[in-house]
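Input: one structure, supplied below.
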Amino acid sequence: MHRRTLLALALFTGLTAPSMALAADDAIKIGLLATFEGPFTVLGEDSERGAMTALAEANGSVAGKKIEIVKGSSDASPDSAVRAARKLVEQDGVKVLVGPLSGDEGLAVKDYAKTKPDVTFINGTSAAQDTTLRNPAENFFRFSTDGAQWMAGLGTYAFKDKGYKKVATVAEDYSFPYTQVFGFMAEFCKAGGHVPSKSWVPIGNKDFSSVIAAIPEDVDAIYVALGGADAVNFLTQYQQAGGSAPLIGGSITVDQTVLTSKGKLRDVLKGTPSAGPTADTNDAPAWKAFVDAYKKQPGAFPSPSLFAHGYYVNMKATLLALDQVGGDVSDGGKKLREALSKLSFDTPTGKVSLDKNRNAVADIFLTEVTEGSDGNLLNKLVKVVPQVNQTLGIPEDEFMKLGAVNRDNPSCP
Amino acid sequence: MSLTAATDGAMPQQNWLDKLGAAHILLAVALLLYPLVASDFFLTQIAGYSMIFGVLALSLMLLAGYGGMLSLAQITVAGIAAYAVAILGNNTSNVLGFGWPWWIVVPFAVAAAAVSSALIGWISVRTEGIYTLMITLAIATATFYFAQQNYAIFNGHSGYAGIHAPVFWGIDWRDPKPFYYLCLGLAALSYAAVLYGSRSTFGMTLQAIRDNPRRMRALGYHVTAHKVFAWFLAGILAGLAGVLLVWFNGRVSPGTIGVDVAIDVLVIAVIGGLRHPIGSFLGAIVVILMQTFAIDIVGAERFNTLIGLVFLVIVFVSPDGILGLWGRIKPHFAQESLRAGP
């Protein structure tokens with residue numbers, strides 16, 4: 001019986017010891033939740049660089065108090081995001097949490113936020129519409145815009161300037177691409193365009209032949225909202241299948257991870273219009289200063305991804321608001337949340353303020369892929385769409401009538 | 001490699017206290033008093049979660065240790081129960097959600113899990129060893145992708161959210177302490193059932209089939225039926241774990257039943273020792289603690305490497321997991337008690 005007695009003792013001490021190791025100090029703990037594992041690891045690491053850039057600007061402290069970052073990792077699934085958020089809030093005792101990174105994670109963390117009214121949640125880059133639009137949480141703030149806002153101006157540009165009348169869409173099958181397609185179609189359909197076919201593919205899909213076969217022959221262009229490897233796979237296979245329709249890109253479809261790929265893909269990508277919260281050839285001094293600061297982070301890309309940008313903006317907002325309240329969150333973060341709601345500040349990409357649902361109103365950049373002087377592809381700034389709000393300039397009651405974002409909504413065949 | 005599980009043979013008549021064992025009583029008391037010292041986080045996120053995965057690993061241990069059938073589909077079976085709870089009960093995803101009361105939903109969910117498990121078993125009992133592993137992996141992967149792409153039943157990538165544990169007798173069973181005791185009660189029940197079952201006629205027959213199916217067939221036993229029934233029993237355990245899992249997370253999505261989770265369950269069972277029922281829980285505690293705290297030890301970039309290394313070391317040093325390791329060093333300590341023995 002010795003064995004089992006010892007086993008019981010080991011279990012007992014092992015499970016109680018860590019709970020006694022909670023120490024109190026004067027630092028402010030901020031939880032940083034991003035995808036440090038799974039398919040979005042690279043994006044998660046870049047988002048950390050963005051957040052750390054904001055922290056470095058504040059010299060690692062606000063109002064004389066040191067900032068301590070506690071990291072939490074998810075694998076882009078909603079369950080793991082909530083588990084990581086729980087650990088940060090309930091075990092590490094953070095009162096302020098920045099994150100998460102992807103759409104469905106954001107929806108799940110918002111639901112969790114409702115059960116923790118004393119903790120303040122600030123979004124990372126998750127961009128699903130209903131994280132803030134429908135049934136929002138009082139303590140969830142988003143200083144980065146959502147995926148529909150990112151598309152502002154693109155639908156009109158495609159219809160009027162490019163002259164595309166019929167467009168097929170190919171996008172990944174979860175809430176963020178739904179939101180992107182919604183944002184594109186809201187304008188495109190209103191302008192008089194038609195979308196006869198929408199294809200939804202699972203994340204990590206390898207074989208796109210059935211998708212390509214389903215694209216109608218007579219479309220003027222294809223709207224592609226795929227990320228990273230999915231985008232490269234689709235575009236390569238589409239080209240090999242003899243497809244020649246021009247492309248329209250979602251916000252993460254034509255970012256640096258895709259544009260730096262080699263081969264004939266480059267020719268297809270040239271001239272692709274897109275829109276998003278950042279543009280590579282932005283000449284604004286604030287953006288250039290941000291790029292320089294970002295490049296000081298270890299392992300940085302030549303140009304910050306929109307994930308680095310989103311986490312930077314949200315972390316910056318957090319630090320500004322914490323500074324306003326003197327780093328005091330002892331009242332359950334009430335003052336901090338008031339400061340956050342009223343906060344309006346200049347980011348590297350223009351002024352940001354919040355609406356009544358605590359979602360950002362900010363500038364959006366319409367871009368087009370061009371070849372730079374060094375032969376690299378980059379997103380050239382075409383136009384800045386100023387101060388886009390979550391309802392895309394449409395009156396709110398009219399916008400809500402368009403219905404919740406999903407696979408079948410909107411529709412204009 | 002043979003996965004032989006140790007069972008105590010014929011025992012002399014004992015009183016119930018001896019039968020239960022001093023260690024079990026000590027362990028039970030410690031676990032019952034645990035909420036007095038533990039924080040809410042340790043109660044649910046570590047202890048509760050470990051026990052849920054412990055029960056899942058136990059269902060695998062039942063199949064592998066007593067039946068010689070290594071399965072990767074246990075999380076799939078649990079997922080079927082979890083989805084059943086979301087579909088038959090209430091959810092906030094505006095898809096299905098029949099709103100049945102929990103006392104109808106839970107038996108339904110567990111029954112659905114047990115029947116699907118029996119079906120999976122019926123398909124895979126014709127295979128052996130690595131082929132069972134492969135066929136169950138195929139089933140787990142197929143279910144994962146089906147759940148991800150099916151919108152009518154599984155609601156695709158986002159799955160179901162807003163599932164709440166029942167509130168009855170004036171207790172919200174998702175509050176930390178009640179939920180801990182709920183998990184503890186279920187884990188204890190499952191553990192006792194597996195211990196009892198392993199010594200029952202059916203358990204003995206199953207182990208005999210594991211050791212020599214041809215001889216058992218020649219003796220007139222229906223080998224396939226016994227194996228499928230073992231799958232059915234394992235399905236009940238996995239289904240119960242699935243119900244707790246969906247109450248614990250408050251949501252279920254394809255990520256819950258992914259292949260990585262299926263492998264986690266196998267790793268838990270292997271680390272604990274596939275031959276010992278208690279090993280499932282021990283393995284679960286080690287794995288959950290590692291997954292939760294490794295990021296604090298080595299930072300965000302390399303924590304999965306650390307987890308992998310610990311698994312490698314345990315399996316390399318002791319193919320029979322942590323309990324096997326203890327079994328090997330025990331003789332060095334045990335000399336004294338051998339001499340003093342009765």
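Nothing in this text is a laboratory measurement; each read-out follows from the coordinates by a stated rule. All of these numbers come straight from a predicted model, not from anything done at the bench. Positions of Cβ are generated from backbone atoms using ideal geometry, with glycine treated the same way; all protein chains shown enter the neighbour counts.
Based on the mean of other Cβ atoms within 10 Å per residue, sort peptides B:142-154, A:250-262 so the most packed one is first.
Packing order, densest peptide first, comes out as A:250-262, B:142-154.
For the charge dipole of the stretch A:230-321, defined by +1 on Lys and Arg C-beta atoms and -1 on Asp and Glu C-beta atoms about the Cα centroid, which residue among A:Tyr312, A:Pro273, A:Gly250 has the Cα displaced farthest towards the positive pole?
Selected residue: A:Tyr312.
May I ask you to derive the FRET efficiency for B:Phe202 and B:Val167 from their Cβ-Cβ distance with R0 = 45 Å, giving the value to the nearest 0.05?
The formula returns an efficiency of 0.75 here.
A further question on this structure: Using a simple charge model, +1 on the beta-carbon of Lys and Arg, -1 on the beta-carbon of Asp and Glu, nothing else, what dipole does the stretch B:38-340 show about its Cα centre, in debye to the nearest 20?
That gives a dipole near 920 debye.
Considering every residue in A:70-80, what mean count of other chain Cβ atoms within 10 Å of its Cβ is obtained?
6
So if I take the centroid of the Cα atoms in the stretch B:59-111 and the same for the stretch B:244-307, what is the distance between those two points in Å?
Cα centroid to Cα centroid, the span is 19 Å.
Nearest 500 deg cm²/dmol is fine: what mean residue ellipticity at 222 nm does chain A get from its DSSP H runs of n ≥ 4 alone, each adding -39,500 (n - 2.57), divided by its residue count?
The per-residue figure over chain A is -10500 deg cm²/dmol.
To continue, here is another question. Among B:Gly99, B:Gly283, B:Gly121, determine the one that fluctuates most according to a GNM of chain B built with springs between C-alpha atoms less than 10 Å apart.
Greatest mean-square fluctuation among the candidates belongs to B:Gly99.
Less than 15 Å Cβ to Cβ from A:Lys198, Lys/Arg counted +1 and Asp/Glu -1: what total charge do the surrounding residues give?
Result for the local shell: -1.
Mind putting a number on the dipole of chain A about its Cα centre? Charges go on the C-beta only, +1 for Lys and Arg and -1 for Asp and Glu, and I need it in Debye to the nearest 20.
Roughly 440 debye, rounded to the nearest 20.
In the neighborhood of A:Thr125, defined by Cβ-to-Cβ distances under 15 Å, what is the net charge if each Lys or Arg adds +1 and each Asp or Glu adds -1?
-3
Select from the stretch A:165-233 those trypsin sites (Lys or Arg not before Pro) which occupy a DSSP coil region and have at most 16 other Cβ atoms within 10 Å, ordered by residue number.
A:Lys165, A:Lys206
Moving to a separate point now. Just B:Trp231, B:Trp103, B:Trp247 to compare: in a GNM of chain B, with alpha carbon springs under 10 Å, which one fluctuates most?
Of B:Trp231, B:Trp103, B:Trp247, the most mobile in the Gaussian network model is B:Trp103.
Beta carbons within 10 angstrom, averaged per residue: use that to sort the peptides B:104-110, A:149-155, A:327-333, highest first.
A:149-155, B:104-110, A:327-333
Rounded, prolate or oblate: which fits the stretch A:272-413 when a ≥ b ≥ c are the square roots of the eigenvalues of the alpha-carbon gyration tensor, with rounded for a/c under 1.5 and prolate only if a/b beats b/c?
Oblate.
Filter the trypsin sites (Lys or Arg not before Pro) in the stretch A:86-146 down to the DSSP loop ones having no more than 13 other Cβ atoms within 10 Å, then list what survives.
Those that pass, being in a loop and sparsely packed, are A:Arg134.
Pick from B:Thr305, B:Thr205, B:Thr76: which residue has the top mean-square fluctuation in a GNM of chain B where Cα pairs under 10 Å get a spring?
B:Thr305
Let me ask something else. When Cβ neighbours within 10 Å are restricted to other protein chains, what is their mean count per residue of peptide A:29-36?
Shielding by partners across A:29-36 averages 1.
So, one more: Label points 7 Å out from Cα along the Cβ direction at B:Phe98 and B:Val259: separation in nm?
My value for the distance between the label points is 3.3 nm.
While we're here: Between A:Leu402 and B:Lys330, what is the spin-label point distance in nm, taking each point 7 Å from the Cα along the Cα→C-beta axis?
A separation of 6.7 nm, rounded to one decimal place.
Using the structure shown, list the pairs from A:Lys162/A:Lys198; A:Lys198/A:Lys401; A:Lys65/A:Lys356; A:Lys165/A:Lys198; A:Lys71/A:Lys380; A:Lys110/B:Lys177 with a Cα-Cα distance above 27 Å, or answer none.
Over 27 Å Cα-Cα: A:Lys65/A:Lys356; A:Lys71/A:Lys380.
Considering every residue in B:250-259, what mean count of other chain Cβ atoms within 10 Å of its Cβ is obtained?
5
List, in order, the whole-Hz ³J(HN,Hα) value for each residue of the stretch A:311-326 obtained from phi through the Karplus relation with A = 6.51, B = -1.76, C = 1.60 and θ = phi - 60°; use x for Gly and Pro.
Coupling constants for the stretch A:311-326: 5, 4, 4, 5, 5, 4, 4, 4, 5, 4, 5, 4, 5, 4, 9, x Hz.
Sticking with this one: Estimate the FRET efficiency between A:Ala58 and A:His194 by the formula 1/(1 + (r/R0)^6), using the beta-carbon distance for r and 51 Å for R0, to the nearest 0.05.
E(calc), rounded to 0.05, equals 0.55.
Share of Cα-Cα pairs in chain A beyond 41 Å, in percent?
16
Taking H placed 1.01 Å from N in the peptide plane, check which residues at least 5 places from A:Val382 or on another chain put their amide H under 5 Å from its amide H.
A:Leu366, A:Thr367, A:Glu368
List the relative contact order of the stretch B:38-340 as a percent without decimals, with contacts defined as Cα pairs under 8 Å and 6+ residues apart.
Reported relative contact order: 32 percent.
Once amide H atoms are built 1.01 Å from N in the peptide plane, which residues 5 or more positions from A:Leu33, or in another chain, come under 5 Å H to H?
So A:Leu33 has HN proximity to A:Gly72, A:Val98, A:Gly99.
Considering the protein assembly as shown, what Rg and Dmax in Å follow from its alpha-carbon atoms?
28.0, 95
Further question on the same structure: Please turn the phi angles of the stretch B:192-208 into ³J(HN,Hα) values with the Karplus equation 6.51 cos²θ - 1.76 cosθ + 1.60 (θ = phi - 60°), one per residue in order, whole Hz, x for glycine and proline.
4, 5, 5, 4, 5, x, 5, 9, 6, 4, 4, x, 4, 4, 4, 5, 5
Work out from phi, with θ = phi - 60° and the Karplus expression 6.51 cos²θ - 1.76 cosθ + 1.60, the ³J(HN,Hα) of each residue of the stretch B:255-266, listed in order in whole Hz, and give x for Gly and Pro.
Along the stretch B:255-266, the couplings run x, 5, 10, x, 5, 4, 5, 4, 6, 3, 4, 5 Hz.
Same structure, new question: Specify the angular offset, from 0 to 90 degrees and rounded to the nearest 10, of the alpha carbon long axis of helix A:175-191 from the longest principal axis of the alpha carbons in chain A.
Between helix and principal axis, roughly 40 degrees.
In chain B, if the dipole is taken from +1 on Lys/Arg beta carbons and -1 on Asp/Glu beta carbons about the Cα centre, which of B:Thr205, B:Ala284, B:Ala23 is farthest to the positive end?
Comparing the listed Cα positions along the dipole, B:Thr205 ranks first.
How far is it, in nm, from the label point at A:Lys334 to the one at A:Gln239 when both lie 7 Å from their Cα along the line to the Cβ?
Inter-label distance under the simple model: 6.0 nm.
Distance from the Cα centre of the stretch A:237-283 to that of the stretch A:177-205, in angstrom?
17
Return the unpartnered cysteines for the protein assembly as shown, using a Cβ-Cβ cut-off of under 4.7 Å.
Within the protein assembly as shown, the cysteines lacking a partner Cβ under 4.7 Å are B:Cys183.
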